[in-house]
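Report on the following structure.
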There are 4 protein chains.
Amino acid sequence: MERIGFVGLGRMGRPMAANIRRRQHPMTVFDIADAPVQALEALGAERAGSPAAVARASDIAVTMLPGPREVAETILGADGLLANLRPGGLVMDMSTVDPETTDRVAAACAGRGIGFVDAPVGRLAQHADRGESLFMVGASEADFARVKPLLEAMGSTIHHCGGPGAGTRTKLVNNYLAVILCQLNAEALSLGAAFGLDLEKTLEVLHGTTATNGQLKVNWPNKVLAGDTEPGFAIDLAHKDLSLILQAASAARVPLPVAAAAREAFNAARARGMGRQDFSAMLDAQCAAAGVAPPRLKG
Amino acid sequence: MERIGFVGLGRMGRPMAANIRRRQHPMTVFDIADAPVQALEALGAERAGSPAAVARASDIAVTMLPGPREVAETILGADGLLANLRPGGLVMDMSTVDPETTDRVAAACAGRGIGFVDAPVGRLAQHADRGESLFMVGASEADFARVKPLLEAMGSTIHHCGGPGAGTRTKLVNNYLAVILCQLNAEALSLGAAFGLDLEKTLEVLHGTTATNGQLKVNWPNKVLAGDTEPGFAIDLAHKDLSLILQAASAARVPLPVAAAAREAFNAARARGMGRQDFSAMLDAQCAAAGVAPPRLKG
Amino acid sequence: MERIGFVGLGRMGRPMAANIRRRQHPMTVFDIADAPVQALEALGAERAGSPAAVARASDIAVTMLPGPREVAETILGADGLLANLRPGGLVMDMSTVDPETTDRVAAACAGRGIGFVDAPVGRLAQHADRGESLFMVGASEADFARVKPLLEAMGSTIHHCGGPGAGTRTKLVNNYLAVILCQLNAEALSLGAAFGLDLEKTLEVLHGTTATNGQLKVNWPNKVLAGDTEPGFAIDLAHKDLSLILQAASAARVPLPVAAAAREAFNAARARGMGRQDFSAMLDAQCAAAGVAPPRLKG
Amino acid sequence: MERIGFVGLGRMGRPMAANIRRRQHPMTVFDIADAPVQALEALGAERAGSPAAVARASDIAVTMLPGPREVAETILGADGLLANLRPGGLVMDMSTVDPETTDRVAAACAGRGIGFVDAPVGRLAQHADRGESLFMVGASEADFARVKPLLEAMGSTIHHCGGPGAGTRTKLVNNYLAVILCQLNAEALSLGAAFGLDLEKTLEVLHGTTATNGQLKVNWPNKVLAGDTEPGFAIDLAHKDLSLILQAASAARVPLPVAAAAREAFNAARARGMGRQDFSAMLDAQCAAAGVAPPRLKG
């Protein structure tokens, strides 16, 4: 059985690592916080003092980190994973980063005979808890076969999107739609509110036409439309993703006028102090900008 | 049985009128073109020489016209419907117009003891042919009961959205989403194309998350993604609807930054000479702007 | 000396008419308000009961009206100017309207042997008071020669921009820049404020580079930067002009992405209740959106 | 006389260093390219093999580098300037970078008793050749006094904008306006072209109102309007600056809707293959998008 290293035990990483460990893989973990490391120790994992130590004890090293800078440091740094894995090892980065970072890490791994998989995560933290995450995976066939048991331990839907880098890129395309749908729905429902339309009747119409969408149908009824703006996915994070998307699109010379307009709307919501609310609360930000009461489902 | 008048026998109006006539309502029709009038005569309708003549022969007068100007002239003009209907008559406007026009017509009808219903049409021309249209209806309960048999003759889904004006307003909110989803999907898939992602795999991912939407799932696979850009609903019409929406939002002081960015994208597609293509062809316009080949489904 | 008719004695029209009358032209005037008509009578003008009566008493009929609808009714209506002017007469419209309206009126005049001049007005109401307005004129050479003495009575700068319609179009291009510069300066200075920069030093830099612009250099120091947001030109009017510009650009298939974004910013300022403030107060709207204190000049 | 180090002898850095050297300052230089180093040697400067070597030979070390990454590496890197300057030394960064980078470098310098000045450069390369650059300087009074002779050797206009960081921030605000004015003028003149207006007459009008601006009046008549699109400042660089500005504004939670729309227009111009043309050529990109011939001055 492969020995697994796991770096990054935050709100997502911790249950993901736990779900791997429960399948009895030998596991070594590292995080700058103590509590999640203790939690993994309680499940039988070993504590390491650095990413380097994780690498020396592992065949496959998994990273789940906040962003591009942490990923680059942890994997490529002088005291990082790549410099300390044995040949034949493999790095699987599950963080959400820009394609440039993924490609840089992938090339560095290839240059040292280390496998590389990018497998960013879809769905929310609660899904990770229950081992029901969705993964968008970029990997060679051989590397994919190797990490597949781990992914199956952590999630219920696995998309092998293409070679290295395809996971990161698919995630950006997916999040582009999911995030901007929030601004789209916000504009539509604020207009409905200003028009004095009944929310329930409007939704009934929308869900019977091609206007329907996953955010409005699945996420919103349990979140902002029910008055719950606790973050499943926060406006600050959505704004960060939009920034990554626009940066990647700029590098690829793909103009994205709607994404650009939406990012400024998210930024305006942050200026209103709403950055830590759920991204469906873009409805409330938009209604505040329009001076109308945000609509809510009855009862 | 109520005597029905029908003004406006275009691509939508003609099958709608025919479907009413097939239920054996006495019917008088008017259009500036001769061919559709002959077609209705063949079904037993009477030809009238003017909207006024239609009004004098009808209890309920239905209008299905290109836009606000034609609606105002036909209903409110000196030689129009309102001036020639008997008290107790009813006007049902099924055109897509701005709320200001609907409200003006509704108020004029109310002022003369004439009922008023706004019932704009969802779905495409083929649905109208088969009597499977969707209607968003603004009407008092009494007026709604009176037109319901007609709506049932023409369509399969009827939403009574509220009092007079609610139909027109709901249609704008609905079309806001359906139309802008095309630009949203265009941006997302052009980015995927620039990233070199496989279209089928990307769609498989998107439809398993909240990124999914009615345009991408229902309309696009049969239209632009299959290489068919014949208009079910043309870019020129989508652009016209966006203009109506932004005008109504301006009047209501609701800022719509994403709608505004999208309208200019539709306008840019028109400048490329694509105005008569299906609105899903916004994908091709966006890919042309980004300099990437537009993705198509295989086989 | 030509007999002059003047319809529309609002904040701009009244001093303009007065300045013509002071040159001793016989003059007949009409307005729905009584006070400005009395004021012109005091200067020796005749009062008429309708636009038609103005036309019958005049060789040249001038209009200065709120917008396209009023212009079309007053000039083209059954009881309007065109139907009542003698052959050889001339209509000069000085209102700000869309090119489509100007072209429609020009064609109707040409069809009846009546001259037509479009001569919208630049600068502010105070300039009109002092006979220092700027005019952008669309006219044939012969018609231009005929109205030139009137324009010289009302203003100090006269641009003959081309044939009929060129005045209206030049005004839209000019107002496009003047209005959007307000949003541009607002974004720049709000960023400076968030950065903690000193306003005076920033302006000193900007005016020494190509970043300088007429709004920031000429208008703003006396208005919003001095804390004066009384309207020289109100945000509501700027928003109306942007709407005309975008409508004309849509008709011409010219995409204007920055104009579209700016219009929504103006609309958001209106939603904040700032529609009657000077258009330089877009600075305050933008600073409110960004959550920073709006910068002001010292002393 | 202070010993000067200079790192970064590109199109701007080379004449700037030369102009300092001509005032007889002892000078040590470094660049990865050989030719510019030789040119400076010919003026009496010493060649160094690394930034560290420059630092060891200098009292004041000047950097003029492509972007944030190079600045951070050159100044903060293990083999960089800061680690090798003697106490009492001073770093002056003249590159265009984001405020976060400037602040990080400034704090690192302060932490080691090294002075820090940010002094990004305005105007074009030709101005640098002639010692006529403009500088926006962030520095303490003492540090400003120390670098003033150097700035006077390189430029003719020196703005001391505030403490460390104020130079970088003022430059972003300034470039925001200068760059976006290009898109603004492009939209206005493309509309004029679609309207069939005469360019010379339109410009005459615009320069007599508050619509006038530095780009349209000073830069454009010698560049795109004269048919010259050779880069004084390239679209790629303008796009890079807009990206820096939007990133800094995002960090400061200042929404910039017009800047966001403009950046995508610059990105679309890059997708058209125009990235290396002068930023005034946004006129040609916009006219291509609108399908109209780009206007040019006669003769």
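The values are calculated or read from the model by the stated rules, or taken from the named source; none is laboratory data. Just so you know, these numbers come straight off a predicted model, no measurement behind them. We place every Cβ from the backbone using ideal geometry, glycine too, and count neighbours over all the protein chains shown. Please note that ligands, DNA and RNA were not included when accessible areas were found on the heavy atoms of the full protein model with its side chains. Shrake-Rupley method; radii C 1.70, N 1.55, O 1.52, S 1.80 Å.
Observations
- Residue match in region B:74-89 (condition: within 28 Å of B:Ser243 (Cα to Cα), without any contact (Cβ under 8 Å) to a residue 12 or more places away in the chain and out of contact with any Phe, Trp or Tyr (no Cβ under 7 Å at 6 or more places or on another chain)): no
- Residue among C:Ala153, C:Ala139, C:Ala106, C:Ala145 that is over 23 Å from C:Leu82 (Cβ atoms) and among the hydrophobic types (A, V, I, L, M, F, W, C): C:Ala153
- The residues of region A:195-225 that are free of Cβ contacts under 8 Å to residues at least 24 places away in the same chain and of a type in the set (Asp, Glu), listed by number, are A:Asp198, A:Glu204.
- Some residue of region B:195-216 being crowded, with 24+ Cβ neighbours inside 10 Å and either within 19 Å of B:Gln277 (Cα to Cα) or more than 13 Å from chain A (Cβ to nearest Cβ) (or both): yes
- Boolean, A:Asn84 is in a helix (DSSP H, G or I) and among the polar types (S, T, N, Q): no
- Output for region D:160-174, where each listed residue is surrounded by fewer than 24 Cβ atoms within 10 Å (Cβ to Cβ) and either facing chain C (nearest Cβ under 7 Å) or closer than 21 Å to D:Glu264 by Cα (or both): D:Gly162
- Residues (of a type in the set (S, T, N, Q), under 29 Å from C:Leu237 (Cα atoms) and surrounded by fewer than 20 Cβ atoms within 10 Å (Cβ to Cβ)) located in region C:11-70: C:Gln38, C:Ser50
- Hits in region D:264-283 - residues which are over 17 Å from B:Ala288 (Cβ atoms) and either more than 14 Å from chain A (Cβ to nearest Cβ) or surrounded by 23 or more Cβ atoms within 10 Å (Cβ to Cβ) (or both): D:Phe266, D:Gln277, D:Asp278, D:Phe279, D:Ser280, D:Ala281, D:Met282, D:Leu283
- If you go through region D:71-87 and keep only what is closer than 18 Å to D:Arg146 by Cβ and either touching an Asp or Glu at 6+ places or on another chain (Cβ under 8 Å) or open to solvent by 40 Å² or more (accessible area, probe 1.4 Å) (or both), you end up with D:Ile75, D:Arg86, D:Pro87.
- Residue check, A:Ala110 modelled with pLDDT of 95 or more and buried (at least 21 other Cβ atoms within 10 Å of the Cβ): no
- Of all the numbered requirements in (1) more than 7 Å from chain B (Cβ to nearest Cβ); (2) touching a Ser or Thr at 6+ places or on another chain (Cβ under 6 Å), A:Pro221 misses one, and that requirement is (2).
- Number of residues in region D:91-102 that are open to solvent by less than 60 Å² (accessible area, probe 1.4 Å) and more than 14 Å from D:Val137 (Cα to Cα) equals 2.
- For C:Pro231, the test of being modelled with pLDDT under 95 and away from every other protein chain (no Cβ under 11 Å) is passed.
- Pairs meeting the criteria (first residue in region D:174-185 and within 13 Å of C:Thr202 (Cβ to Cβ), second residue of a type in the set (D, E, K, R) and part of a helix (DSSP H, G or I), beta carbons under 6 Å, at least 6 apart or on different chains) are D:Asn175/D:Asp241.
- Filter pass, D:Ala145 being over 16 Å from the mean Cα position of the chain (by Cα), modelled with pLDDT of 95 or more, within 9 Å of chain C (Cβ to nearest Cβ) and open to solvent by 10 Å² or more (accessible area, probe 1.4 Å): no
- Here A:Ala261 meets the list (1) assigned by TED's automatic domain parsing to the domain that holds A:Gly227; (2) closer than 23 Å to C:Gly273 by Cβ almost entirely, failing just condition (2).
- For region B:154-163, the count of residues that are of a type in the set (Ser, Thr, Tyr) and part of a loop (DSSP other than H, G, I, E, B) is zero.
- Filter pass, B:Ala252 being more than 8 Å from chain C (Cβ to nearest Cβ), in contact with a helix residue (DSSP H, G or I) (Cβ under 8 Å, 6 or more places away or on another chain), open to solvent by 10 Å² or more (accessible area, probe 1.4 Å) and under 23 Å from A:Met282 (Cβ atoms): yes
- Condition met for C:Asn84 (more than 24 Å from the chain's Cα centre (by Cα), over 16 Å from C:Val117 (Cα atoms) and among the polar types (S, T, N, Q)): yes
- Yes/no for B:Glu230 being open to solvent by 10 Å² or more (accessible area, probe 1.4 Å), in a loop (DSSP other than H, G, I, E, B) and of a type outside the set (A, V, I, L, M): yes
- For region C:1-61, the helices (runs of 4 or more DSSP H) that sit wholly inside it and include 1 or more residues that are under 25 Å from C:Arg130 (Cβ atoms) and under 21 Å from the mean Cα position of the chain (by Cα) are C:13-21, C:35-42.
- D:Gly192 vs. criteria part of a helix (DSSP H, G or I) and either touching a residue at least 12 places away in the same chain (Cβ under 8 Å) or more than 7 Å from every other protein chain (Cβ to nearest Cβ) (or both): yes
- Screening D:Ala293 against (1) in a helix (DSSP H, G or I); (2) within 13 Å of chain C (Cβ to nearest Cβ); (3) surrounded by fewer than 24 Cβ atoms within 10 Å (Cβ to Cβ) leaves a single unmet condition, (1).
- Of all residues in region D:165-201, those satisfying the criterion of being polar (S, T, N, Q) and closer than 16 Å to D:Val218 by Cα are D:Asn174, D:Asn175, D:Gln183, D:Asn185.
- Taken together, the residues in region A:135-154 that are among the aliphatic types (A, V, I, L, M) and touching a Cys at 6+ places or on another chain (Cβ under 8 Å) amount to 2.
- Restricting region D:148-159 to residues that are within 12 Å of another protein chain (Cβ to nearest Cβ) and of a type outside the set (A, V, I, L, M), the residue that is most open to solvent (accessible area, probe 1.4 Å): D:Ser156
- Yes/no for C:Ala288 being part of a helix (DSSP H, G or I), open to solvent by 10 Å² or more (accessible area, probe 1.4 Å) and more than 9 Å from chain B (Cβ to nearest Cβ): yes
- Of the criteria (1) part of a helix (DSSP H, G or I); (2) touching a helix residue (DSSP H, G or I) at 6+ places or on another chain (Cβ under 9 Å); (3) within 25 Å of B:Ser243 (Cα to Cα), which one B:Glu70 fails: (2)
- Options B:Arg276, B:Arg263, B:Arg272: the member that is at pLDDT 95 or above and over 23 Å from the mean Cα position of the chain (by Cα): B:Arg272
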